[in-house]
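Student: Have a look at this one before I ask anything.
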Amino acid sequence: MAENKYIDEPTGTETVGHEWDGIEELDTPMPRWWLWTLYATIIWGIVYVILYPAWPLVNSATEGVLGWSSRGDFAQEMEAREKELKPIRQALVSTDINKLSGSPELMQTAIEGGRSAFKVHCVQCHGTGADGIRPGSGYPNLNDDEWLWGGDLEAIEYTLIHGIRNPDHEDTRFSQMPAFGRDGILTSAEISDLVSYVRNISGKEKQSASAQRGAALFQTNCALCHGADGKGDRMQGAPNLTDAISLYGLDRESLTYTLTNSRYGVMPRWGHRLDPATIRMLTVYVHSLGGGEASPALEEVAQETLEDIPAGSDGADTADDAAAGGGGEGREDVQS
Ligand code: HEC
Ligand code: HEC
């Protein structure tokens with residue numbers, strides 16, 4: 001065939017050498033730019049396969065000499081973010097928990113970090129709004145200002161680290177209401193009277209003969225933990241029974257169950273699962289939800305400084321008296 005090739009006169013281009021019924025074909029060469037582009041893509045392809053993961057194998061792919069992976073890329077990004085956060089996390093842990101509010105930057109990071117950690121670890125029990133999933137579930141609403149074990153930063157942090165009635169740790173918050181009915185401590189008639197009394201002091205039922213009998217039983221059987229006035233005791237995690245807030249429900253049926261069997265609410269401890277900075281973030285977040293309380297120690301200091309100001313302007317003698325009085329009042333406030 002090659003011998004039939006010749007240069008076509010009008011175009012100056014070589015023919016391919018075939019001929020069909022007098023029709024011949026020109027062998028027009030590829031344009032230069034096109035060829036170079038083709039070579040460039042081939043070279044790029046080869047270099048890519050050498051440097052980056054490319055050929056799929058059974059379980060993975062060829063790795064490439066650069067060792068790059070999208071997962072590694074992500075890990076690196078996370079690491080960079082972690083590095084950025086590290087000083088803040090360290091500052092969070094090393095700052096006295098009651099002084100955190102002095103640093104708005106720390107507070108903001110803590111609340112944001114706490115909010116996302118809450119979504120991962122706490123919503124399954126406390127609900128996405130931290131409102132306890134549903135009334136009567138036994139999971140406390142963390143937005144209100146009723147606290148079983150204490151609502152200042154230190155108390156909340158303690159609860160988070162050690163958990164509540166957590167069987168694997170001796171420092172856990174612990175108390176156990178007796179199962180008055182099941183264990184035969186009270187008869188079902190007595191329990192019914194106590195139910196009337198509890199409903200009466202929580203504003204659900206009018207005063208009655210049954211509630212009055214219940215009041216007497218309450219003083220002998222319940223006041224030890226719930227207080228003579230039924231307002232509860234945080235040392236024992238015993239709830240206030242005189243308001244409308246309830247863990248397990250204030251209808252007669254729920255109350256009868258509570259008194260007969262006791263409830264024994266358990267919360268896992270987080271001290272061994274989460275790092276101290278995350279615990280602190282959660283603490284600040286929970287505290288920020290609306291029901292957070294000032295620490296007793298701080299309240300006392302604030303009280304004293306308040307009392308000091310007018311006293312100082314009056315004269316030295318009265319200043320001493322006022323300061324002493326102020327301190328005493330401060331402590332009373334804390335206990336009530
Ligand atoms: C397995 C369910 C469960 C999980 C998960 C859980 N909690 Fe709790 N939590 C409870 C229960 C139940 C109580 C009430 C225990 C009681 O009766 O004293 C409680 C009580 C609390 C209290 C004490 C409230 C008070 O009034 O003193 C705080 C604070 C708290 N949880 C915060 C958290 C945070 C923050 C997380 C996530 C790190 C979390 N909880 C995860 C079940 C849970
Ligand atoms: C040893 C302490 C203790 C004693 C005694 C005790 N309680 Fe309790 N009570 C608790 C604790 C702690 C809880 C919190 C619930 C739990 O166990 O998870 C509770 C919960 C309750 C609740 C549920 C409140 C709610 O929010 O739903 C009621 C009602 C109640 N107690 C009534 C009584 C009555 C009535 C008596 C006396 C017959 C009594 N308790 C005796 C410690 C005690």
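Student: Just how large is the dipole of region 188-261 about the Cα centre, in debye to the nearest 20, putting +1 at every Lys and Arg Cβ and -1 at every Asp and Glu Cβ?
Tutor: Around 100 debye, computed over region 188-261.
Student: What's the exposure ranking of HIS272, HIS126, going from fewest to most Cβ atoms within 10 Å?
Tutor: On the way: HIS272 10, HIS126 21.
If I rank by nearby Cβ atoms, fewest first, I get HIS272, HIS126.
Student: Quick one: grab the alpha carbon gyration tensor of region 188-261, order the square roots of its eigenvalues as a ≥ b ≥ c, and give me rounded if a/c is under 1.5, else prolate or oblate depending on whether a/b is larger than b/c.
Tutor: rounded
Student: Magnitude of the Cβ-charge dipole of the chain, K/R +1 and D/E -1, about the Cα centre, nearest 20 debye?
Tutor: The calculated dipole for the chain is roughly 1680 debye.
Student: Along each of the three principal axes of the Cα atoms of region 46-94, give the extent in whole Å, ordering the values from largest to smallest.
Tutor: 52, 23, 10
Student: Would you mind checking LYS99/LYS231; LYS99/LYS119; LYS119/LYS206; LYS99/LYS204 for any pair whose Cα atoms are more than 32 angstrom apart?
Tutor: LYS119/LYS206; LYS99/LYS204
Student: Over the chain, what is the percentage of antiparallel beta bridges among all DSSP beta bridges, to the nearest 5?
Tutor: 80
Student: Which residue fluctuates most in the GNM of the chain (Cα springs below 10 Å): ASP168, ASP193, ASP144?
Tutor: ASP168
Student: Starting from 0 in steps of 20 Å, tell me what percent of the Cα-Cα pairs of the chain lands in each bin.
Tutor: Binned Cα distances yield the sequence 21, 33, 20, 10, 9, 6, 1.
Student: For region 107-184 and region 43-63, write down the distance between their C-alpha centroids in whole Å.
Tutor: One Cα centre to the other: 52 Å.
Student: So, one more: Can you sort LEU255, LEU224 so the residue with the fewest Cβ neighbours within 10 Å comes first?
Tutor: On the way: LEU255 24, LEU224 12.
Fewest-to-most ranking of LEU255, LEU224: LEU224, LEU255.
Student: Okay, next question. As an exercise, find the ratio Rg/Rh for region 11-57 from alpha-carbon atoms, using the Kirkwood inverse-distance average for Rh.
Tutor: 1.34
Student: Among GLY265, GLY129, GLY22, whose mean-square fluctuation peaks in a Gaussian network model of the chain (Cα, cutoff 10 Å)?
Tutor: Among GLY265, GLY129, GLY22, the largest GNM mean-square fluctuation belongs to GLY22.
Student: Based on other C-beta atoms within 10 Å, arrange VAL47, VAL123 from fewest to most.
Tutor: VAL47, VAL123
We did not get these values from a lab; they are worked out from the coordinates using the rules stated. Just so it is clear, the structure is predicted and the values come from calculations on it, not from any experiment. Note: ideal-geometry Cβ built from the backbone for every residue, glycine included; neighbour counts use all protein chains shown.
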